[in-house]
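Heads up, the thing below is written out as C-alpha cells.
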Amino acid sequence: MTVIRMRARRLAPLPVALLAVLAAGCGAQHPGDGAGAGGASRSAVATPSRPADFACPGESPTPTPRPSTHTPSPTAPPTDHYAENHGFMVPFPLHGKRRCQGLAAIGRVREALEPLRRRGDFTAESARKALTGLGYPAGQVQTYQNGSAGVGFLVEVDDYPVCLEGEMDSAQTKADAFGGYPDHTGCDQPSGGH
C-alpha cells in the first residue's frame, strides 16, 4: 500500500470529528456568558407575542376578548385529540387595523341587510344583491337559504383575507369577522385537514 493511501485513510475521520466538536458547542450556554460586565446569564426565554388590539371607531375602549375554544388547558393534558385534529377548522382572529376593518364591514353588512329583514325578504338572491351592492365582487359573496325565514352569507372582504360570515333571520342579523383558516386560502371553512 502506498503512503498516500495510508495517509488518506488516517485523515478521512478528521472532517467528521471536527464537525462533531463544532456541533456539540452550538447553542450551549456556558457559565460566565452573558450580557453585561457582571457576567449575568441570559435567562430571557422567547415567548410568542400577542398582537395588541385597540379600540376601533365606534367601539368601547376595552374590547371584550373572545374565549378560545381550541386551546387546551396547560395544567391538564387533553384526553382526546379532537382539538388538535380539528384545529384547521378554527378561524384566525383579527387584530389591530384588520380587526377594525372587520368591525366596519360588519356594520355595513348589517345596515344593507336590515331593510330586507324588516320586510321579511329572506331569499338568498335578495341578500346577495344587497351584499354585491356594497361593492363586493360577486365571486367573493356567497349566500344560501337557511330555512324559510333565514339567509346565511359569507363574504371575502379583501384578499388578506378579512372574512365576514353570518346569517339573517326574522329576529336579527348576526355577523362575525375573521382572518381565514390555517393551511387554507379564502374564507370558506375547509372540509379536510392534514
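Accessible surface ranking for 183, 169, 80, 1.4 angstrom probe, highest first: 183, 80, 169. Computed with a 1.4 Å probe over protein heavy atoms only, the accessible area of residue 170 comes to about 80 Å².
For the range 78-153, calculate the relative contact order in percent as a whole number, restricting contacts to Cα pairs under 8 Å that are 6 or more residues apart.
Numbers: 49 pairs, mean separation 16.7, N = 76.
Computed value for the range 78-153: 22 percent relative contact order.
A 1.4 Å probe over all protein chains sorts 118, 98, 110 by accessible area into 118, 110, 98, starting with the largest. When Lys and Arg each count +1 and Asp and Glu each count -1, what net charge do the other residues less than 13 Å away from residue 114, Cβ to Cβ, add up to? That sum, taken over residues with Cβ under 13 Å, equals +3. Using R0 = 25 Å, the C-beta based FRET efficiency linking residue 185 and residue 114 works out to 0.20.
Relative to the current alpha-carbon distance between residue 124 and residue 80, full extension at 0.36 nm per residue lengthens the span by 12.0 nm. Of 163, 100, the order by accessible heavy-atom surface (1.4 Å probe, DNA, RNA and ligands excluded), from most exposed downward, is 100, 163.
Please label the shape of the range 86-191 as rounded, prolate or oblate, based on the square roots a ≥ b ≥ c of the eigenvalues of the alpha-carbon gyration tensor (a/c under 1.5 means rounded; beyond that, a/b larger than b/c means prolate, else oblate).
prolate
The values are calculated or read from the model by the stated rules, or taken from the named source; none is laboratory data. None of these values were measured; they are calculated from a predicted model. Glycine gets a Cβ as well: all are built from the backbone with ideal geometry, and neighbour counts include every protein chain shown. These accessible areas exclude ligands, DNA and RNA; they are computed on the full protein's heavy atoms, side chains included. Shrake-Rupley method; radii C 1.70, N 1.55, O 1.52, S 1.80 Å.
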